[in-house]
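The values are calculated or read from the model by the stated rules, or taken from the named source; none is laboratory data. Bear in mind that the values here come from a model prediction, so they are computed numbers and not experimental data. Ideal geometry is used to build each Cβ from the backbone, glycine not excepted, and the neighbour counts take in all protein chains shown. Please note that ligands, DNA and RNA were not included when accessible areas were found on the heavy atoms of the full protein model with its side chains. Shrake-Rupley method; radii C 1.70, N 1.55, O 1.52, S 1.80 Å.
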Amino acid sequence: ETGVTQSPTHLIKTRGQQVTLRCSSQSGHNTVSWYQQALGQGPQFIFQYYREEENGRGNFPPRFSGLQFPNYSSELNVNALELDDSALYLCASSTLAGRNTFGSGTRLTVV
Amino acid sequence: DAKTTQPNSMESNEEEPVHLPCNHSTISGTDYIHWYRQLPSQGPEYVIHGLTSNVNNRMASLAIAEDRKSSTLILHRATLRDAAVYYCILRDPFGGANSKLTFGKGITLSVRP
């Protein structure tokens, strides 16, 4: 079975710019969750998509948005980047109540 | 979200057993106890989960207290590759968006050769 793949692995953006991160889910999984992990902290839940619909959201502003596609892959979009958005962004796929399989993440640096 | 409490760090020797404790005194009846670990420069990795009974798999064992207010992840023979941050998480699989994983800071396990 294929695992979860995230792209790109590293990214540097300037404050105020927009960024799109991508995630391909594991075969057989219909749910994708996104997490933000600041240095030295545990991952924080951003939102979850189930069958192309948002299925829950954490405490993140609307400039964090997402999409899930018919093949269950997903995108995370962040507008108006701020310095504090610098973090590791993790994608996890699962069945709705099943165990999560995480990708290795995208390291975003905002300068 | 029900919270878990873990020590910040723990050290062990290679090839010795390791017991990683977790307290979850506000656990609800539908919460499963999940453990994930995160190796350096990787995303979290599922380790084990359980509801009431002790559980074993190829990676570890999970011992759950009778009142479910605490649990212990047991690595039977630690290897250098087990050095990671271990997260104890409560998860309600029937909670809709509450089936998300709520991570704390976890416990950092160091393994001495």
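By the Cα gyration tensor, chain A has an equivalent ellipsoid whose semi-axes, rounded to whole angstrom, run 22, 14, 13 from largest to smallest.
As an exercise, use a Förster radius of 41 Å and the Cβ-Cβ distance of residue A:111 and residue B:65 to find the FRET efficiency, rounded to the nearest 0.05. The value I calculate is 0.30. The relative contact order of region A:20-59, computed from alpha carbon pairs under 8 Å that lie at least 6 residues apart in sequence, is 30 percent. Around the Cα centre of region A:20-111, unit charges on the Cβ atoms of Lys, Arg, Asp and Glu (plus for the first two, minus for the last two) sum to a dipole of about 220 debye. Under the Kirkwood approximation applied to all pairs of distinct alpha-carbon atoms, what is the hydrodynamic radius of the protein assembly as shown in Å? After inverting the pairwise mean of 1/r, the radius is 18.0 Å. When chains A and B come together, the accessible area they lose, probed at 1.4 Å and totalled over both chains, is close to 1500 Å². Contact residues in region A:41-76 (at least 20 Å² less accessible area with all protein chains than alone, 1.4 Å probe): A:41, A:42, A:43, A:45, A:48, A:55. Note on residue B:69: aspartates and glutamates with a C-alpha under 16 Å away, same-chain residues under 8 apart excluded, are B:1, B:31, B:92. Each label point was placed 7 Å from the Cα along the Cα-to-Cβ direction; for residue B:32 and residue A:99 their separation is 0.9 nm.
In terms of overall dimensions, the C-alpha atoms belonging to region A:37-87 reach 33, 24, 17 Å along their principal axes, ordered largest to smallest. For region B:48-103, the Kirkwood hydrodynamic radius from C-alpha pairs, put into Stokes-Einstein at 37 °C and a viscosity of 0.692 mPa s, yields a diffusion coefficient of 256 µm² per second. Taking 7 Å steps out from each Cα toward its Cβ at residue A:18 and residue A:77 produces label points 0.5 nm apart. Descending by average beta-carbon neighbour count within 10 Å, the peptides A:92-99, B:67-74, A:10-17, A:77-84 line up as A:92-99, B:67-74, A:77-84, A:10-17, the highest first.
From largest to smallest, the equivalent ellipsoid semi-axes obtained for chain B from the alpha-carbon gyration tensor read 23, 15, 12 Å.
Once backbone amide H atoms are built at 1.01 Å from N, residue A:104 has A:6, B:43 as its partners under 5 Å, excluding neighbours fewer than 5 places away on the same chain.
Contact order for chain B, expressed relative to its length and based on alpha carbon pairs under 8 Å spaced 6+ residues apart, stands at 35 percent.
Each residue of region A:15-30 was assigned a 3J(HN,Hα) from its phi angle through the Karplus curve 6.51 cos²θ - 1.76 cosθ + 1.60 (θ = phi - 60°); the sequence is 3, x, 6, 10, 9, 10, 10, 10, 8, 9, 7, 5, 4, x, 9, 10 Hz, with glycine and proline shown as x.
Each Cα pair under 8 Å and six or more residues apart adds its sequence gap; the mean of these over the residue count of chain A is a relative contact order of 37 percent. With N as its number of residues, region A:61-101 has a Cα radius of gyration that, divided by 2.2 N^0.38 Å, comes to 1.39.
Per residue, chain B exposes an accessible area of 50 Å² to a 1.4 Å probe, with every protein chain left in place. Expressed as a whole percent, the accessible surface of region A:1-94 that belongs to carbon and sulfur atoms is 47, based on a 1.4 Å probe. Report note on the peptides B:48-55, B:83-90: ranked by the mean count of other C-beta atoms within 10 Å, highest first, their order is B:83-90, B:48-55.
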